[in-house]
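Before any comments, here is the structure.
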Amino acid sequence: MRHSLVIAGLRYADQVARSGSIQKAARELHVAASAINRQILSLEDELGVPLFERLPRGMLLTASGEALIALARRWRQDERLLVAEIRRIQGIHQGHVSLAAMDSHATSILPTLVEELSMQRPLISLSVDVATPDDAETALLTGRADLAAIFNLAPRRELLVLWKSALPLGCVVVPGHPLARHQAVSFQEATAYPIALQSKAITIRRYLEAQYNWLFNEPRRYIETNSLQLVKQLALGGKHVIFTSELDVASELTDGRLVFIPIRDRGAEPQWISVAVDAARPPGPIVKLVAERLIAVLQGSLAAARTQGMRK
């Protein structure tokens, strides 16, 4: 579609909110800064409220501005769904899908998903935002994402879960590690070795602190980071133990570089992976198609990791 159905003033204000200044927005949109400023002033005059605070270093949304931009982003999302539906009616599987996913997906399922879509559905474009579970949920609810794969998604009426799967909690080590010979281990046994922990931004860490706070009350040999990739590299180094699910390390389990050992402590609850959309906006055919491929890739990745695990 050559022209957006969303008025220029809203599109310009949205870009200013993202960029932080009119000058930056002008460069992004290839539009004169004066034109953007006129449109924003016109919106403010029509609504009778300021949408931005004009600060020395840029533009900051007011409360009224935040409400308007949230609406504008929903309209732009609805516009994409409309265009996808029109193309579906015309028999054209073409459109754009915004996906929010977890950090661990970046080196596991996402490359496979992108490759499959590019081969099977080359007219579908995909944007991927790697986010924390909390941010991915917010992205769905604010219209910044059409679809999300989220760890430990809490049930809520505003979200429609298309698929979910339990992920047993375990510790992960290299095949040559002393714990690798065990069929199951306790946290007490695992903490006899250096530990690599994910930071409190990750839900599995918050779960561990809530259920097993003694892990963090005594001096122990551990490193903490918000990077899952660093955590995995430390485990691959041979000395560190990490606490996570099979999906976080699916690629490394499948190729035999790491081993997953279930935690046997009483009350060690499984984690969950969910694929969800905003319940207020049922997914259109293009989002459904991407969701189906995402679910299939997740299922295949888990199956491959678990099959390798049974061979050890």
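Can you pull out every residue in the stretch 111-133 that is more than 9 Å from the chain's Cα centre (by Cα) and surrounded by 14 or more Cβ atoms within 10 Å (Cβ to Cβ)? Give the steps one after another, and end with the answer.
Residues of the stretch 111-133 more than 9 Å from the chain's Cα centre (by Cα): 111-127.
112, 113, 114, 116, 117, 121, 124, 125, 126 - these are the residues of the stretch 111-133 that are more than 9 Å from the chain's Cα centre (by Cα) and surrounded by 14 or more Cβ atoms within 10 Å (Cβ to Cβ).
Against the condition outside any helix (DSSP H, G or I) and either touching a strand residue (DSSP E or B) at 6+ places or on another chain (Cβ under 7 Å) or modelled with pLDDT of 90 or more (or both), how does residue 53 come out, does it pass? Break it down stepwise before answering.
Working: outside any helix (DSSP H, G or I): yes; either touching a strand residue (DSSP E or B) at 6+ places or on another chain (Cβ under 7 Å) or modelled with pLDDT of 90 or more (or both): yes.
Here the answer is yes, as residue 53 does meet what is asked.
Counting just the residues of the stretch 178-199 that are touching a residue at least 60 places away in the same chain (Cβ under 8 Å) and either hydroxyl-bearing (Ser, Thr, Tyr) or more than 22 Å from residue 225 (Cα to Cα) (or both), which one comes out surrounded by the fewest Cβ atoms within 10 Å (Cβ to Cβ)?
Among residues in the stretch 178-199 that are touching a residue at least 60 places away in the same chain (Cβ under 8 Å) and either hydroxyl-bearing (Ser, Thr, Tyr) or more than 22 Å from residue 225 (Cα to Cα) (or both), the one surrounded by the fewest Cβ atoms within 10 Å (Cβ to Cβ) is 183.
Please report, ordered by residue number, the strands (runs of 3 or more DSSP E) entirely within the stretch 203-312 with at least 1 residues that are closer than 18 Å to residue 99 by Cβ.
Correct list: 271-278.
May I ask you to list the residues in the stretch 134-150 that are closer than 27 Å to residue 233 by Cα and either in contact with a Cys (Cβ under 6 Å, 6 or more places away or on another chain) or buried (at least 20 other Cβ atoms within 10 Å of the Cβ) (or both)?
If the condition is that a residue be closer than 27 Å to residue 233 by Cα and either in contact with a Cys (Cβ under 6 Å, 6 or more places away or on another chain) or buried (at least 20 other Cβ atoms within 10 Å of the Cβ) (or both), then 136, 148, 149, 150 are the ones that fit.
So which of 198, 211 is farther than 25 Å from residue 289 by Cβ and touching a Gly at 6+ places or on another chain (Cβ under 7 Å)?
It is 211.
The values are calculated or read from the model by the stated rules, or taken from the named source; none is laboratory data. As the structure is a prediction and not an experimental result, all values here were calculated from the model. Because the Cβ atoms are built from the backbone with ideal geometry, glycine has one as well, and the counts that use them run over all protein chains shown.
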